[in-house]
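The values are calculated or read from the model by the stated rules, or taken from the named source; none is laboratory data. Here the structure is a predicted model, which means the values were calculated and not measured. Neighbour counts are summed over all protein chains in view; Cβ atoms, including those assigned to glycine, are modelled from backbone coordinates with ideal geometry.
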Amino acid sequence: MLDPITEPAKTRREFLHRAAVGAACLAAATGESRAAERVAEVAVAKAAKLTRLSEHLAVYHGPINVGIVRHGDRALLIDCGDGSVVEALPEPDLKAIEQVIFTHHHRDQACGAHALAAAGARLGVPAAERDYFDNVGAYWTDPKSRWHLYNQHPHHLMLAESVRVDATFGQGDQWAWGPAKIQVLATPGHTDGSISYVVEVDGKRVVFCGDAIYDAGQVWEIHSLQKGTQTTDYHGFLGAREQLVASLGRIRAAQPDALVPSHGNIMHDPPKAIDALAQRLETCYDRYVAISALRHYFPKMFTDYAGREDHMSIRPGKPVPACLRHFGTTWLLVSQDKAALAMDCGSPQVVEELKQLIAQDEIGQVEALWVTHYHDDHVDAIPLLQKTFDCPCITDRFVAGVITDPLAWRLPCISPSKARVDRATEDGQSWQWHEFKLTAYHFPGQTLYHAGLLAEGRGLRMLFVGDSFTMGGIDDYCAHNRNWLGRDVGFDRCLALIEELRPTHIFNCHVDTAFDFTAEQVRFMRANLAEREKRFGRLVPWDHPNYGTDEPWVRCHPYEQKAAAGNRVSFDVVVTNHSTEPRAASARAVSPRAIGGCVGDWVRAEVPQKSDGRLRLSLAVPPDAKPGRYVIAVDVRYGGRSLPQFSEAIVVV
């Protein structure tokens with residue numbers, strides 16, 4: 001329970017002054033350009049729509065929706081976004097924001113909390129997420145939050161630095177604040193510890209539900225619903241949907257007159273909005289299961305869907321040709337004169353297996369290494385293999401960009417092992433290796449950074465697809481791998497290649513038998529993906545579903561870099577425009593208070609449709625900066641949306 005605030009600001013002017021002092025980089029301290037920019041931002045905040053729900057309850061529509069409960073000359077906020085709500089408060093006699101209570105820990109919900117706390121506001125947070133407010137250093141400095149990422153919980157979109165917490169809340173907590181009665185509902189789904197607030201005031205019952213729902217039948221994005229149930233989060237595409245639907249059921253049972261989401265529109269028919277979302281989530285999951293490769297690995301996960309006539313049947317396996325060996329996640333192609341081409345090396349055991357084959361005279365020497373994709377179980381031991389056999393490493397240029405500089409990326413299953421790539425291939429590039437013609441392809445299946453290799457010889461057309469397919473279908477069970485929907489991208493591109501290449505055998509690195517697909521099955525999978533593009537498009541409020549599934553559509557490159565105190569650091573904000581039209585994008589860096597607390601100038605660019613755009617940001621590391629690991633947050637404006645601290649880069653001083 002929150003205690004009454006002590007020593008409040010005496011006037012609204014004093015409160016606003018404190019908030020400004022607590023904010024990063026005052027305009028007066030950053031020159032005329034920043035001052036003018038600050039004036040413009042205040043004007044935007046004041047122009048933002050404010051919806052009054054009743055005499056004592058309103059909603060500020062800034063980058064997120066902020067609830068405002070008024071009691072005389074004081075206010076309680078539900079979430080705070082970037083803090084711009086302070087400048088948009090309509091009452092001239094409002095003296096202080098007394099309390100701010102949060103639905104969940106994401107940065108866009110709470111990045112304005114530092115300034116509000118400095119101005120005297122008391123902060124209340126979900127009990128299950130307290131550490132993600134006042135102990136964020138434990139996350140950002142933990143190697144488990146950086147490498148070998150198989151779990152997305154907690155979601156890394158947490159504050160760049162800790163903020164004081166005055167109270168925590170959980171299911172069933174309730175208290176009175178002025179004329180309002182506030183009750184807490186546990187509503188996990190969007191995050192594990194998300195809560196909602198039932199506010200009863202002026203004869204109305206309104207639920208502030210965070211990102212549990214965006215609008216009738218919609219959620220803000222899909223990738224946060226990645227959650228493992230029987231396995232890790234990595235295998236849990238839409239795995240939190242049942243948890244979310246149960247949470248929405250608790251909200252519905254509270255019989256609210258209206259729902260106010262963090263992102264989205266106020267809903268005045270909550271049952272209709274909730275039912276529409278539950279139905280769409282189930283339909284979208286059904287379409288996912290219909291062609292999921294995961295059915296081969298974990299059939300017990302899908303017993304409820306077994307025997308569905310509108311789902312693709314699982315193919316039987318095929319015998320492996322004599323020219324191949326398989327161990328771990330490695331396929332080995334052996335020529336007639338016993339030369340060997342290894343594909344992936346995720347474990348030192350692979351090197352031992354190769355040594356044993358050489359000792360048994362089954363192979364002569366390892367002449368080359370082909371890398372299918374960057375995941376740790378395929379690349380961890382590449383440095384050891386290269387040291388042992390000193391063979392050239394060949395892979396697609398997209399894969400090469402990750403494995404030669406892993407520090408620059410934050411992706412699922414990423415390994416800190418740095419590999420040497422001797423030849424980065426272009427899509428469709430061919431070469432002769434003994435009796436086999438080899439052709440490399442960019443193969444954006446299981447991950448965007450993925451390669452395919454066709455080996456033709458001995459009457460065979462063998463397609464090595466890394467982890468992109470099994471007999472059950474496509475390996476798209478981790479949204480964070482950047483599995484794009486659309487014609488000729490993602491798995492549609494991979495399936496189009498299979499149609500064109502007509503392989504006699506397909507090989508997955510985790511499956512020890514070969515398989516293939518019929519032409520009808522390939523058409524079925526492509527039709528399913530086209531249907532998904534439409535259905536998932538209706539599930540999210542963007543003009544293309546990839547914005548909802550592709551978490552790093554805004555990312556920083558390099559993601560992590562080292563810097564000496566007193567030096568400058570630069571990085572690109574890479575924006576993927578999934579739309580069919582060009583989009584204007586802007587970005588600016590926000591450094592934590594520990595290294596200056598400065599807000600940079602906006603950098604703008606026009607990003608062509610279906611392309612990446614790069615915005616170069618730069619900032620100075622203060623000469624007195626202490627050694628440590630610092631999170632540089634990035635504000636983004638895109639397509640008419642303001643996205644505060646939407647991405648981040650890491651600087652190690």
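What do you reckon, is Q152 in contact with a Phe, Trp or Tyr (Cβ under 7 Å, 6 or more places away or on another chain), in contact (Cβ under 8 Å) with a residue 12 or more places away in the chain and buried (at least 16 other Cβ atoms within 10 Å of the Cβ)?
no
Hey, can you tell me all the residues within the range 181-213 that are buried (at least 24 other Cβ atoms within 10 Å of the Cβ), at negative phi and not hydrophobic (A, V, I, L, M, F, W, C)?
T187, H190, T191, S194, S196, Y197, D211
Residue-by-condition table, conditions (1) of a type in the set (D, E, K, R); (2) at pLDDT 95 or above; (3) in contact with a Lys or Arg (Cβ under 8 Å, 6 or more places away or on another chain); (4) more than 26 Å from E309 (Cα to Cα):
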site: I498; (1), (2), (3), (4): no, yes, no, no
site: P503; (1), (2), (3), (4): no, yes, yes, yes
site: C509; (1), (2), (3), (4): no, yes, no, yes
site: F515; (1), (2), (3), (4): no, yes, yes, no
site: A519; (1), (2), (3), (4): no, yes, no, no
site: V522; (1), (2), (3), (4): no, yes, no, no
site: N528; (1), (2), (3), (4): no, yes, yes, no
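Going by the structure shown, is E367 more than 19 Å from D422 (Cα to Cα), assigned by TED's automatic domain parsing to the domain that holds A424 and either in contact with a strand residue (DSSP E or B) (Cβ under 6 Å, 6 or more places away or on another chain) or charged (D, E, K, R) (or both)?
The answer is no for E367.
How many residues, within the range 465-493, are of a type in the set (A, V, I, L, M, F, W, C) and under 18 Å from the mean Cα position of the chain (by Cα)? Give the steps one after another, and end with the answer.
Step one: of the range 465-493, the residues of a type in the set (A, V, I, L, M, F, W, C) are 465, 469, 471, 474, 478-479, 484-485, 489, 491.
Remaining after also requiring under 18 Å from the mean Cα position of the chain (by Cα): 478-479, 484-485.
Residues that pass the stated criteria total 4.
Does V245 satisfy the condition of being in a strand (DSSP E or B) and either closer than 19 Å to L53 by Cβ or out of contact with any Cys (no Cβ under 8 Å at 6 or more places or on another chain) (or both)?
In short, no.
Condition test on E282, is it among the charged types (D, E, K, R), within 21 Å of the chain's Cα centre (by Cα) and either under 26 Å from D550 (Cβ atoms) or not in a helix (DSSP H, G or I) (or both)?
Values: among the charged types (D, E, K, R): yes; within 21 Å of the chain's Cα centre (by Cα): no; either under 26 Å from D550 (Cβ atoms) or not in a helix (DSSP H, G or I) (or both): yes.
So E282 does not fit the description; no.
Mind checking whether some residue in the range 239-259 is crowded, with 18+ Cβ neighbours inside 10 Å, hydroxyl-bearing (S, T, Y) and on the phi < 0 side of the Ramachandran plot?
yes
Any chance you could count how many residues in the range 342-376 are closer than 19 Å to L454 by Cα and of a type in the set (G, A, S)?
2
Residues checked against (1) crowded, with 22+ Cβ neighbours inside 10 Å; (2) out of contact with any Phe, Trp or Tyr (no Cβ under 9 Å at 6 or more places or on another chain):
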| residue | (1), (2) |
| --- | --- |
| E456 | no, no |
| R461 | no, yes |
| F469 | yes, no |
| G472 | yes, no |
| C478 | yes, no |
| V489 | no, yes |
| E499 | no, yes |
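So how many residues does the range 501-515 have that are crowded, with 20+ Cβ neighbours inside 10 Å and not hydrophobic (A, V, I, L, M, F, W, C)?
So the answer is 2.
Could you list all residues from the range 496-527 that are within 23 Å of G486 (Cα to Cα) and of a type in the set (A, V, I, L, M, F, W, C)?
Within the range 496-527, A496, L497, I498, L501, F517, A519, V522, F524, M525, A527 meet the criteria.
With the checklist (1) part of a strand (DSSP E or B); (2) at pLDDT below 95 in hand, flag the one item A585 doesn't pass.
It is condition (2) that A585 fails.
Restricted to the range 571-586, and to residues that are in contact with a Pro (Cβ under 9 Å, 6 or more places away or on another chain) and under 13 Å from G640 (Cα atoms), which residue is surrounded by the fewest Cβ atoms within 10 Å (Cβ to Cβ)?
Looking at residues that are in contact with a Pro (Cβ under 9 Å, 6 or more places away or on another chain) and under 13 Å from G640 (Cα atoms), I get P582.
If I ask for residues that are within 29 Å of L57 (Cβ to Cβ) and acidic (D, E), which ones from the range 252-289 would you list?
Within the range 252-289, the subset within 29 Å of L57 (Cβ to Cβ) is 252-278.
Hits for the range 252-289 are D257, D269, D275.
Would you call G537 under 19 Å from the mean Cα position of the chain (by Cα) and in a helix (DSSP H, G or I)?
On the way: under 19 Å from the mean Cα position of the chain (by Cα): yes; in a helix (DSSP H, G or I): yes.
Yes, satisfied.
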